[in-house]
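Contents: one structure, followed by commentary.
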Amino acid sequence: KKKIFSGVQPSGIPTIGNYIGAMKQFVQRQEEYDCTYCIVNQHAITVPQDPATLTERTRGLAALYLALGIDPNKSTIFIQSEVPAHAQAAWIVQCNTYLGELERMTQFKDKSSKQETVSAGLLTYPPLMVADIVLYNTDFVPVGEDQKQHMELTRDFVQRFNNKYGKGKKILSMPEPMIPEDGGRIMSIQDPTSKMSKSDKNTKGYISLLDEPKVIRKKIKSAVTDSSGIIEYDKENKPGISNLLTIFSAFTDQPIDELVNEFAGSGYGNFKEKLADAIIAELEPMQNRYYELLSSKELDDILDAGAKQANEIASETLKRMETAIGLHR
Ligand code: TYM
């Protein structure tokens, strides 16, 4: 089986953007691939986090993975900080990555311009992500469009590392991103020109996977559209309604053009009501499972077993990297 690796930061409660762009695929790919899913808490601390909240969200994200349908008998779920090889491999990656490459990352430029003070970790965030991916001999990485640049950096690193230290042999596997064709970039429902983000200060801009049904209805109702009243897919001129159509399509698995036909002549009000129904139909049962799991001991057992499995694979790859570059006796 080909290998999949991906991760989500516990820097907020995941939104339907995270779900459509990445997490939905986590569940779908389990049958066909050998999957490893990480809760990347070390990435989260590249910007300030309240310790107690971070701990709570880390556990919460693990419960959410399971509630979404990730099956611990098929996939490995673990917490990044419980596998020391990530930080160790990240150091090696940093020493084989150029400062210029990191300074060029748009996510770094975006995030650093929003912070009062910028940690060194924000700059070296991508090498830690590279480490995450290469440690598990990953073939595919399901992510949203915003991770494309980090994936290119990862591929550049793998090629460079293998060339420099491989002596003709492949030390690390070359990973490829898996980005959904539609839904790789879900936009804010308040400002459809900016990306939906779990750390948006305006909570009306996103729908979190744990929003209560009545909150979901309210947020969808107040989603920004336009004044034409016509439901059609036109990203350029009608970004609001196009974004809602993409979301609708992701939650019903109905193609966008089919939805456009179905809602021809219907007003935005009716369309939004049906959209809220579709989101709630999928999220509500998931939320019930989430709250059951959150307080269970089962969750800790799964995370313990996951960390153990992950540690075995990761430390093997780390050793291979260290040996290749001369960090051994
Ligand atoms: P994070 O936590 O920001 O987001 C998790 C996943 O959700 C995707 N995503 C979106 N997809 C569509 N529309 C959106 N508005 C949207 N917002 C976020 C992200 O692309 C991501 O796939 N760097 C990663 C975490 C990470 C990682 C890794 C991922 C660390 N190590 C190794 C893959 C492999 C991040 O910030 O994700």
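Report yes if Q49 is over 19 Å from L299 (Cβ atoms), among the polar types (S, T, N, Q) and more than 10 Å from the ligand (Cβ to nearest atom), otherwise no.
It is true that Q49 is over 19 Å from L299 (Cβ atoms), among the polar types (S, T, N, Q) and more than 10 Å from the ligand (Cβ to nearest atom).
Any idea which of I70, I4 is in contact with a helix residue (DSSP H, G or I) (Cβ under 9 Å, 6 or more places away or on another chain), more than 13 Å from the ligand (Cβ to nearest atom) and either closer than 22 Å to R320 by Cβ or in a loop (DSSP other than H, G, I, E, B) (or both)?
That would be I70, the only listed residue that is in contact with a helix residue (DSSP H, G or I) (Cβ under 9 Å, 6 or more places away or on another chain), more than 13 Å from the ligand (Cβ to nearest atom) and either closer than 22 Å to R320 by Cβ or in a loop (DSSP other than H, G, I, E, B) (or both).
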Next item on the list: Provide a single number: the residues in region 10-46 that are open to solvent by 30 Å² or more (accessible area, probe 1.4 Å) and within 7 Å of the ligand (Cβ to nearest atom).
Entry: 1
Notebook entry, point to check: Looking at (1) open to solvent by 60 Å² or more (accessible area, probe 1.4 Å); (2) over 26 Å from Q80 (Cβ atoms); (3) not in a helix (DSSP H, G or I), which is the only condition Q190 fails?
Noted result: (1)
Checklist line | Where a residue in region 126-153 is farther than 13 Å from F5 by Cα and its partner, wherever it lies, is in a loop (DSSP other than H, G, I, E, B) and near the ligand (Cβ under 7 Å from one of its atoms), with Cβ under 6 Å and at least six apart | finding: G144/G184; E145/G184; E145/R185
Next item on the list: Any residue in region 158-184 that's without any contact (Cβ under 8 Å) to a residue 60 or more places away in the chain and assigned to a loop (DSSP other than H, G, I, E, B): show its pairings with residues that are more than 16 Å from the ligand (Cβ to nearest atom) and open to solvent by 90 Å² or more (accessible area, probe 1.4 Å) at Cβ separation under 8 Å, as long as the two are six or more apart or on different chains.
Entry: M174/Q159
Check: Looking at (1) buried (at least 19 other Cβ atoms within 10 Å of the Cβ); (2) in contact with a strand residue (DSSP E or B) (Cβ under 8 Å, 6 or more places away or on another chain); (3) closer than 24 Å to I186 by Cβ, can you tell me which one Q80 breaks?
Finding: (3)
Note to self: Out of everything in region 136-152 that is more than 25 Å from G100 (Cβ to Cβ) and outside any loop (DSSP other than H, G, I, E, B), what residue ends up being nearest to the ligand (Cβ to nearest atom)?
What the structure shows: P142
Margin query: Could you check region 200-233 and list, in sequence order, the residues that are in a helix (DSSP H, G or I), of a type in the set (A, V, I, L, M) and touching a residue at least 12 places away in the same chain (Cβ under 8 Å)?
Written below: I216, I220
Notebook entry, point to check: Is it true that some residue in region 80-97 is closer than 28 Å to D211 by Cβ, within 14 Å of the ligand (Cβ to nearest atom) and not in a helix (DSSP H, G or I)?
Noted result: no
Note to self: Tally up the residues in region 111-144 that are of a type in the set (S, T, N, Q) and either closer than 13 Å to T36 by Cα or open to solvent by less than 10 Å² (accessible area, probe 1.4 Å) (or both), please.
What the structure shows: 2
Notebook entry, point to check: Under the condition of being of a type in the set (A, V, I, L, M) and either more than 9 Å from the ligand (Cβ to nearest atom) or more than 19 Å from K221 (Cα to Cα) (or both), which residue from region 173-187 is surrounded by the fewest Cβ atoms within 10 Å (Cβ to Cβ)?
Noted result: M174
Checklist line | Failed item, numbered, when G306 is tested on (1) in contact with a Pro (Cβ under 8 Å, 6 or more places away or on another chain); (2) not in a helix (DSSP H, G or I) | finding: (2)
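The values are calculated or read from the model by the stated rules, or taken from the named source; none is laboratory data. These figures come from a predicted structure and were not determined experimentally. Quick reminder, even Gly has a Cβ in these numbers, built from the backbone with ideal geometry, and neighbours come from all protein chains shown. Quick note on the areas: whole protein, heavy atoms, side chains included, nothing else; ligands and nucleic acids left out. Shrake-Rupley method; radii C 1.70, N 1.55, O 1.52, S 1.80 Å.
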